[in-house]
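For reference, the structure discussed in these notes is given below.
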Amino acid sequence: MKSIFSFLILLSSAVSSPAQIRKSENRPNIIVILTDDQGYADVGFNGSKDIPTPGIDRIASNGTVFTSGYVSFAVCGPSRAGLITGRYQDRFGFARNPLLAPKDSTMGLPLTEETMADLLKKAGYKTGAIGKWHLGAHPSLIPNRRGFDEFYGFLSGGHQYFPEKLDLNDLSEAKSQFDGYRTKLLKNQERVTEQEYLTDAFSREALNFVKANRDQPFFLYLAYNAPHAPMQATEKYLNRFPNIKDSKRKTYAAMVSAVDDGVGDLLDLLQELQIEENTLVFFLSDNGGPTKDNASDNKPLRGFKGDFFEGGIRVPFALQWKGHVPAGLRYDAPVISLDIFATAASLAQVEPKNKLDGVNLLPYLSGQKKGVPHEELYWRNYNADRYAIVSHENKLIIQPKQEFLFDLKKDLSESKNLFSEESEQAKRLSKKIEEWKKQLMDPIFLGLLEDETYNRLNPDRYTPVQKDN
C-alpha cells in the first residue's frame, strides 16, 4: 500500500467536496462493522499469515487503513459506549463493563446520551442494530429505545454461538451473570428461536436489513460478538485451517473466518444493489485481543485486552467509501472510534445533542484540513487508577507504583520505558491528563468486577422479571 503523502493529489480530486457529498437527497448510507476481542494482527491488512481475511481486507484495499486506530477503552462495554455516542464514556460515568441487571435502569448507557442512531434518525435514516448490545438490559435501555428501528441480537456481554445452547426463553429465567449468554435472541422486543450458527445468523440479518432499506438512507450497526469467548465454531469454518495445530487458535481462526464471510457477502450485496458508492463502511474491533484467553495475536504490539499498552487499545481499523476515499491509503495519524459518530453527523448534516470528542475524518483524508485530527487522545481506567495519553508519537501511562513514557514512532512495541521524573515530555503530558480528569464523572454503576457486591445490594436481582416488552 502507498503512503498518505503519495496520495494527496489523488485525494483532492477523488474525495467529493462537502457540497457534493452532503446533498440531502443523496445522504450516504453508513455501516459500522464491529468485531469483539479481535487481535491487531488478525486481519490480512495488518499482516496476518495464518488467518486469511479476504472480505475484511477488501475494505482496506478499497479505502483507508488507520494504522494508529484506537478505541476509547480496553474492554467491551465502555468502548461501545464511546463509539455509539462519539464521546469519552467517562464524561457520563460509563467507566465499567455493565452487569446483567434487567431491572436496573441505571445499569447501562444513560438517557442523557444521544446515540448515533438517535442522531441519524433525525436526518431520516432507517436504523438497525445487529448482534451484541452490552449497553443495558433494562427496557428503557434496549436498542429499540435508543434510536434503532430494528434490532436482532442479545443484550448482555457475550453469547453462546450454537443455537442448541440457547436454552433460556428470556431474561426472566436468568439466575446468574452469565445466564444472559444462554437466552434466545431478540428480534426487536420479541424472543425468537434461531437455527443457525450465531455469526452466520447476524450476517444473514445484516443482508436482509440492507435489502429492505436499499432505497433510503440507512445506518447499520453490525456488532459481531466473534471472536469473543466462548470459543465455538462449526466444522465448516474449522475445516479451513488444517495447518493450525493449536486447538484454541484453530477455533479462533474459524470464528474470524465466519465474520470474514459475512463481511464479504455484505460488500458483494452493496455492489449488486449498486449502492456501493453511496455507502460508507467502517470496520474495527472493540478492543485488543485477550491473547491467551482466545489465542488472538496483537503483534507487534505490547499487551492485550484490558491494558493501556497498545495491544489493549490499538485495533484493526479501516474504512471504505468507493468513489470518495481513494483506494490503498494508509493513514498514520492517531484516530479513535469516537470519530465515527462525528463523521456520520457531518455527512448527515445534523447537529449532535451533546459536545463530541470525535472529529469528522474525511477532510483530513482529502487534504482539505492540514495537521492531525487529534492533538491528544486519552484513556481512564477508574478501578485501576490508570490513565494514558497519546500525543503525536509520544505516549504516557500513569498508574500506581509505575509510569511509562514511550516514543511510539520509534518503538511501537513499547519495549523501552523513557519515563523519568525530570522528563519535560512526561511533565507536559501528565499536566494534560490532570486537566482532562477534571471533566470526567465517577462511575454511575457497579461493573463486572463488582458482581458479588451488586448481588448483596440487590438481593432481588434474579427474582423473576417481567418478560421483555
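The values are calculated or read from the model by the stated rules, or taken from the named source; none is laboratory data. Being a predicted model, the structure only gives us computed values, none of them experimental. All Cβ positions, glycine included, derive from the backbone under ideal geometry; neighbour counts span all protein chains shown. For the accessible areas, the whole protein counts, side chains as well, though only heavy atoms, and no ligand, DNA or RNA atoms are used. Shrake-Rupley method; radii C 1.70, N 1.55, O 1.52, S 1.80 Å.
Would you kindly derive the ³J(HN,Hα) couplings of the stretch 58-71 from the backbone phi angles with the Karplus curve 6.51 cos²θ - 1.76 cosθ + 1.60 (θ = phi - 60°), listing them in order in whole Hz, with x for Gly and Pro?
Karplus-based 3J(HN,Hα) across the stretch 58-71 equals 5, 4, 5, 6, 7, x, 10, 9, 8, 5, 10, x, 10, 10 Hz.
In Å², and per residue, what accessible area does the chain have when probed at 1.4 Å with the other protein chains present? Provide the component values of the computation, followed by the final result.
Details: 18220 Å² over 469 residues.
Normalised by residue count, the accessible surface of the chain is 39 Å².
Indicate, rounded to the nearest 5 percent, the antiparallel portion of the DSSP beta bridges found entirely in the chain.
Working: 30 of 61 bridges.
Given both bridge residues lie in the chain, the antiparallel proportion sits at roughly 50 percent.
For the chain, what is the mean residue ellipticity at 222 nm derived from helices alone (per DSSP H run of n ≥ 4: -39500 (n - 2.57); sum divided by total residues; nearest 500 deg cm²/dmol)? Show your work: numbers first, answer last.
On the way: 13 runs with 123 residues, N = 469.
Counting only the DSSP helices, I get -7500 deg cm²/dmol.
Calculate one ³J(HN,Hα) per residue across the stretch 257-271 by plugging θ = phi - 60° into the Karplus curve 6.51 cos²θ - 1.76 cosθ + 1.60, and present them in order as whole Hz with x for glycine and proline.
5, 5, 4, 4, 4, x, 5, x, 5, 5, 5, 4, 5, 4, 5
How many percent of DSSP beta bridges within the stretch 124-197 run antiparallel, rounded to 5? Walk me through the intermediate numbers first.
Values: 5 of 11 bridges.
Of those bridges, close to 45 percent are antiparallel.
Which percent of the accessible heavy-atom area of the chain goes to carbon and sulfur, probe 1.4 angstrom? Could you put the intermediate results ahead of the total?
Values: 8880 of 18220 Å².
With neighbouring chains kept in place, the figure for the chain is 49 percent.
Just list whichever of LYS248/LYS292; LYS103/LYS437; LYS370/LYS427; LYS132/LYS187; LYS49/LYS248; LYS103/LYS353 have alpha carbons separated by over 21 Å in the model shown. Can you show the working numbers first?
Details: LYS248/LYS292 9 Å; LYS103/LYS437 31 Å; LYS370/LYS427 27 Å; LYS132/LYS187 12 Å; LYS49/LYS248 17 Å; LYS103/LYS353 27 Å.
Checking Cα-Cα distances, LYS103/LYS437; LYS370/LYS427; LYS103/LYS353 exceed 21 Å.
Take HIS392 and LYS427, extend 7 Å from each Cα along the Cα→Cβ direction, and tell me the distance between the two endpoints in nm.
1.7
Taking amide H positions as placed 1.01 Å from N in the peptide plane, with prolines and chain starts having none, which residues 5 or more places from THR127, or on another chain, fall under 5 Å of its amide H?
For THR127, whose amide H was placed from the backbone, the distant partners under 5 Å are ASP149, GLU150, PHE219.
What list of ³J(HN,Hα) values in whole Hz, one per residue of the stretch 277-289 in order, does the Karplus curve 6.51 cos²θ - 1.76 cosθ + 1.60 (θ = phi - 60°) give from phi, with Gly and Pro shown as x?
Listing the rounded values in order: 7, 10, 9, 8, 10, 9, 9, 6, 9, 6, 6, x, x Hz.
If you find the alpha carbon centre of the stretch 236-296 and of the stretch 326-366, how far apart are they in angstrom?
Rounded to whole Å, the Cα centres lie 24 Å apart.
Once a ≥ b ≥ c are taken as the square roots of the eigenvalues of the Cα gyration tensor of the chain, is the result rounded (a/c under 1.5), prolate (a/b larger than b/c) or oblate (a/b not larger than b/c)?
Since a/c stays below 1.5, the shape of the chain is classed as rounded.
Which number do you get for Rg(Cα) / (2.2 N^0.38 Å) in the stretch 324-469? It would help to have the intermediate numbers written out before the result.
Details: Rg = 20.4 Å, N = 146, 2.2 N^0.38 = 14.6 Å.
In units of the 2.2 N^0.38 Å rule of thumb, it is 1.39.
Treat every Asp and Glu Cβ in the stretch 179-276 as -1 and every Lys and Arg Cβ as +1, leave all other atoms uncharged, and give the resulting dipole magnitude about the Cα centre to the nearest 20 debye. Walk me through the numbers on the way to the answer.
Numbers: 13 positive and 15 negative charges, 96 e Å.
That gives the stretch 179-276 a dipole magnitude of about 460 debye.
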